[in-house]
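The structure under discussion appears below in the form of structure tokens.
The values are calculated or read from the model by the stated rules, or taken from the named source; none is laboratory data. Being a predicted model, the structure only gives us computed values, none of them experimental. Note that we place each Cβ from the backbone using ideal geometry, even for glycine, and neighbour counts take in every protein chain shown.
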Amino acid sequence: MITGNGVEKMREQYRPVIGLEIHVALDTESKMFCACVNAFGSTPNTDVCPVCLGLPGSLPVTNARAIELGITCARALGGQVAPRTYFERKHYHYPDLPKGYQISQYAAPLSIGGELVVDDSHSGEEVRVRIRRVHLEEDAGKSMHSRQSGHTQLDFNRCGVPLAEIVTEPDITSCAQARRFLEELRAIMRTAGVSRVRMEEGELRCDVNFNLVHVKAGQEITRTQISEIKNLNSFRAVQRALEYELMRHRSALEAGDGLLHETRHWDADREVTYAARTKEQAHDYRYFPDPDLPPILIERELVDYLAAGIPELPRARRRRLRETWGIEWSQAEILVEEPEMADFFESAIAEGAEPSEACKWIVGEIAGYLNTVDTTLGALPFSAADLAALLRLVEDGAISGKIAKEVWLEVMEGGGSPEAIVERRGLRQISDDAILEQIIEEVVAEHPEAAEDYAGGKDKTLGFLVGQVMQKTRGQANPQKVNEMIARRLRGGRDDN
Amino acid sequence: MTDTVAAVQSGDISPGEPLRRTVAEIARHDAHLGAFLSVSYPDAPGVKGPLHGIPYAAKDNLCTATLPTTCASRMLEDYHPPYDATVIARMQEAGAILVGKTNMDEFAMGSSNETSAFHPVANPWRPDHVPGGSSGGSAAAVAAGLVPLALGTDTGGSIRQPAAFCGITGMKPTYGAVSRMGLVAFASSMDQVGPMAMTASDCAAAMDILVAHDPGDSTSSDHPDAGDFLRRVRAAPDGCDGLRIGIPREYFGQGVDPEVVRAVRSAADVFSELGARVEEMSLPHTVYALPTYYILASAEAASNLARFDGVRYGRRAAANSIEELYWKSRGEGFGREVQRRITLGTFVLSAGYYDAYYLKAARVRGIMAGEITRAFAQYDYLLTPTCPTTAFPRDVRTEDPLAMYMADVCTIPANLAGIPAVSVPGGLVNGLPVGVQLMGRRFDDAGVLALADRFQRATGHHLLGPEGFGDHRERGGEDA
Amino acid sequence: MSIDADRVDEILRLARLELDPSERCRMQQDLAVILDYVSTIEHLDTSDVSPLHNPVEIDENITRPDDAHASRLHERFLQSAPEREGPYVVVPRVVGDGVSEDV
């Protein structure tokens, strides 16, 4: 980790320089330039039409919502949205690119500038990563390469899915930071409603640029040429690929080799990068303004309107949740990663739940449950009021923490409100002194030695006695109360624990 | 044609009669002409509409769900589009009957119809001469009376130049007036679909169907002046009082046949006699139109034709690798002229040359469009030759691309500026038709057609027809 | 303007056109002649002119609402594919950069 103190400055350092190009799939109903559904997982080659297939004579018409989401994306990152922007054609040949060009943006991107600030949880530092530009483009299809049949199978369903490409300046200085950046970006995109960023559906893909600068006594001695690693589709892959590159570039520098500027690919199985066969300079994309698409004029009012609709962004929200409700950094992190979860948390508090308890339940039980079911929080059959009610039952001593977990699982599976479940299943804790006294008498009578041991000062035995009471009440006794009552019964209230 | 429509509508002839005649004419003549690439005769005479019963032909770069769409290329030899172009659908709704797809220069690149991958088209006036191009099949089919109406497409003159060579009337509408949806793109910023017929009023009747805003084409306009063509043409007075017509002298430079010049001068006299103020003027950047066009149109063409790669449709060469598949499919599928334009277009867009060629040409286009717009502050219409020459013999220009490109020198400015332009017959020179071109302001398509119509009311040039076909030609209602 | 053979090869590579040697040679000559001709615009002063890419003038954006419709044309699309395997269009297996064996 690079720090600014004087001793460090004297030292010899290898400083990574990392820039990212991220593609985020926009959360639209239809595709970028045609009315085909923007969906994942359909039967191959069914969500297609003449436009996204690039059939002869077909013409694109821009999806207004995609432009709006692009503006929202740009504003959430603090970019300056261009008053006039246009699409260009980027030419290259690949079998899953139907037109021989991709409709993208080049000279006049949707937005330039901006910044994303990442809190480095380890060093406590703020890392400011400048955004170079945000532009819109259409996705290509999918190729599946089968060695068995000797064919590449083409599925064009993804063709024309709207993407925002976000390009950073090379401001990232460690592999872990790159990952943190992406996590923060994902949280921002979700919060702003730009994209759902479902990683498993390829809704966030990333190219990374990496090189390494050799610094001695604050002076740059040498640096390696940039490696571009293409098409990484998980955060882990990004971090691992960068770690691999760091090692590779460092060895090269130590051996006096500056490396070549090249495109590389990540081999996820072997966890190595390897050089692309076609050299970067062989690409000549021949961009020019798409004559089928008139320029897009973006009025200030629209930008302001969309910007005003962006909810509190994750970093501010995390800070506020911590400062207002005193929850842990790591818990705030988890809550805010899914804006729905943070919303749920705040609603639960509004319903009267105690913040740290509510947080514990959401981060633990609810997040855990969500991992096991393929759905979103909003789609589940319970509300923040249910969680608040549950916590109230625990607080009032009506149920124990253990029973509460059982009840909550039933709530999450659609069993109804916590109160209703507790009543229906008769789970309310026994707090009635008369009943508990009678049971305690029974237990003392059945286990006289244990009772004597405890009365004689053997604290460990209390647990056994309480356990016996709990067994007799099938777990419904209030354990706190049983503790107190046994102590009073056998030690006459002189419990020095 | 408008008289035929009236006859069908009044019940004087049966709705099937025009189609019957067309079937007979195609059977009799097309083996010699080569105007059609595919034909199909429906049983029903079309729906009742403004063009009820009118048989028409469409250039083979307009997508049709019922007939193949080949663009006269080996690349699309057996291609059947899954949908109809917007103009085809509109014609059908209007009651017109599609009888076939017409021959053309491959992917509309050419000025003589000689780049068709399948067969050449004969000029009905002189069979060893070219009909012009790229809409040569449409022009020949109309000139020979096989159909009263054909659709062409015009990127740099491809409707007007063959109309001139074949002695018919051909209209390139304002860019954006007619939907390009389903037109296989050549140069997207210049392509327009337009009518080719005997007379300006027939073209106006077709424009009433063709011109409409299409939400499926982002460059399609919903301009309020774009409609009601036939009525406005008919309502126009015979005279031209108050009209100012400019004759840009740059259109009469080197390479323009003196006989063609004479024909345009006499057309100018006609307009003067009708009361227009006709004067010479200057559009100095006209000389840059052709180089500008060849850079921009080729760049767009190289891009538009990138999709023909043998992967999803069209010709696929036998290949062991994807790269071989691309190279071979495109090498075998495209003819020489198409390859030439793709190569030129790829070059002018390539790294290191973009600024000097593509961007420079786009700027020159800006200058030229500005110059033309300014001219229309002083003049209502511009009068020029459609082509520097009349139809030339087959095979003489195929070896020299620049000589071939010169055939478009007078028509290209209208495409660069996106303005409407019509070519009308201006008499014969040595037995071959001469075309006279009229250009107008953007969206003054009705005015351009009305002026052409007044010219045709005053002269009889459009009534002249090639020998051997005359009996069945429909000239201004003579035979209806 | 002369254009060397390597440049022509590079352009043909970008355009994915395979020409036999005589055609390639002819293309080189044609291209030189055409480039010579189109270079006549070179000396024009265009410094204060905006490029015109399309004559359409826009005063409002041409966009469509974000409504999805099922396309019923995909069957016909697959029918026109030169080679298919089940629901897929297929080409010879792509080998090279970033390619992993997916199936």
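Would you point out which residue out of A:Val194, A:Val208 is touching a Cys at 6+ places or on another chain (Cβ under 9 Å), assigned by TED's automatic domain parsing to the domain that holds A:His261 and crowded, with 23+ Cβ neighbours inside 10 Å?
Within the list A:Val194, A:Val208, the selection yields A:Val194.
What are the residues in region B:346-378 that are within 25 Å of B:Ala108 (Cα to Cα), part of a helix (DSSP H, G or I) and either of a type in the set (A, V, I, L, M) or more than 8 Å from chain C (Cβ to nearest Cβ) (or both), if any?
If the condition is that a residue be within 25 Å of B:Ala108 (Cα to Cα), part of a helix (DSSP H, G or I) and either of a type in the set (A, V, I, L, M) or more than 8 Å from chain C (Cβ to nearest Cβ) (or both), then B:Val348, B:Leu349, B:Tyr358, B:Leu359, B:Ala361, B:Ala362, B:Val364, B:Met368, B:Ala369 are the ones that fit.
Given the conditions (1) touching a Lys or Arg at 6+ places or on another chain (Cβ under 9 Å); (2) surrounded by 21 or more Cβ atoms within 10 Å (Cβ to Cβ), and given that A:Ile103 satisfies all but one, which numbered condition is not satisfied?
(2)
Going through B:Arg341, B:Arg315 one at a time, which residue ends up being more than 10 Å from chain A (Cβ to nearest Cβ), within 28 Å of A:Val51 (Cβ to Cβ) and modelled with pLDDT under 95?
None of the others qualify; the one that does is B:Arg315.
Mind checking whether some residue in region A:260-273 is touching a helix residue (DSSP H, G or I) at 6+ places or on another chain (Cβ under 7 Å), surrounded by fewer than 15 Cβ atoms within 10 Å (Cβ to Cβ) and at positive phi?
Yes, region A:260-273 has at least one match.
Residues of region B:182-231 being within 13 Å of chain A (Cβ to nearest Cβ) and at positive phi, which ones?
The one that is within 13 Å of chain A (Cβ to nearest Cβ) and at positive phi: B:Gly182.
Considering region A:417-440 alone, what residues qualify as being in a helix (DSSP H, G or I), surrounded by fewer than 19 Cβ atoms within 10 Å (Cβ to Cβ) and free of Cβ contacts under 8 Å to residues at least 24 places away in the same chain?
A:Ala420, A:Glu423, A:Arg424, A:Arg425, A:Ala434, A:Ile435, A:Gln438
For residues in region B:1-38 being part of a loop (DSSP other than H, G, I, E, B) and in contact with a Pro (Cβ under 9 Å, 6 or more places away or on another chain), which is nearest to B:Ser135 (Cα to Cα)?
The extreme case among them is B:Ala35.
When the residues of region B:65-80 are narrowed to those that are surrounded by 24 or more Cβ atoms within 10 Å (Cβ to Cβ) and in a loop (DSSP other than H, G, I, E, B), which ends up farthest from the other protein chains (Cβ to nearest Cβ)?
Here the answer is B:Ala72.
Which residues, taken from region A:181-227, are in contact with a helix residue (DSSP H, G or I) (Cβ under 6 Å, 6 or more places away or on another chain) and farther than 30 Å from A:Arg250 by Cβ?
Scanning region A:181-227 gives A:Ala187, A:Ile188, A:Arg190, A:Thr191, A:Ala192, A:Val194, A:Ser195, A:Val197.
So which of A:Pro44, A:Pro56, A:Pro16, A:Pro60 is touching a strand residue (DSSP E or B) at 6+ places or on another chain (Cβ under 6 Å) and more than 9 Å from chain C (Cβ to nearest Cβ)?
Unique residue meeting the criteria: A:Pro16.
Just to check your reading of the model, which residue among B:Gly216, B:Gly255 is surrounded by 15 or more Cβ atoms within 10 Å (Cβ to Cβ) and either in contact (Cβ under 8 Å) with a residue 40 or more places away in the chain or within 15 Å of the chain's Cα centre (by Cα) (or both)?
The conditions single out B:Gly216.
When the residues of region C:61-88 are filtered to those that are closer than 13 Å to A:Ala64 by Cα and polar (S, T, N, Q), which remaining residue is farthest from the other protein chains (Cβ to nearest Cβ)?
C:Asn61
Taking the condition more than 17 Å from the chain's Cα centre (by Cα) and not β-branched (Val, Ile, Thr), does A:Arg322 pass?
Yes, satisfied.
Checking the condition within 21 Å of the chain's Cα centre (by Cα), farther than 30 Å from C:Pro92 by Cβ and assigned to a helix (DSSP H, G or I), which residue from B:Val287, B:Val270, B:Val260 passes?
B:Val260
Among the residues of region B:439-459, which ones are in a loop (DSSP other than H, G, I, E, B) and touching a strand residue (DSSP E or B) at 6+ places or on another chain (Cβ under 9 Å)?
B:Arg441, B:Asp444, B:Thr459
Mind checking which residues of region B:318-338 are under 27 Å from the mean Cα position of the chain (by Cα) and either among the hydrophobic types (A, V, I, L, M, F, W, C) or more than 7 Å from every other protein chain (Cβ to nearest Cβ) (or both)?
B:Gly333, B:Phe334, B:Gly335, B:Arg336, B:Glu337, B:Val338
For region B:410-427, state whether one or more residues are away from every other protein chain (no Cβ under 14 Å), part of a helix (DSSP H, G or I) and surrounded by 24 or more Cβ atoms within 10 Å (Cβ to Cβ).
The answer is no, given that none of the residues of region B:410-427 is away from every other protein chain (no Cβ under 14 Å), part of a helix (DSSP H, G or I) and surrounded by 24 or more Cβ atoms within 10 Å (Cβ to Cβ).
Take A:Arg130 and tell me if it is outside any loop (DSSP other than H, G, I, E, B) and away from chain B (no Cβ under 13 Å).
In short, yes.
Taking region C:21-41, which residues are under 30 Å from B:Leu290 (Cβ atoms) and more than 7 Å from chain B (Cβ to nearest Cβ)?
Selection gives C:Ser22, C:Glu23, C:Arg24, C:Cys25, C:Arg26, C:Gln28, C:Gln29, C:Ala32, C:Leu35, C:Asp36, C:Ser39.
Keeping to region B:189-213, report how many residues are assigned to a loop (DSSP other than H, G, I, E, B) and surrounded by fewer than 23 Cβ atoms within 10 Å (Cβ to Cβ).
Of the residues in region B:189-213, 2 are assigned to a loop (DSSP other than H, G, I, E, B) and surrounded by fewer than 23 Cβ atoms within 10 Å (Cβ to Cβ).
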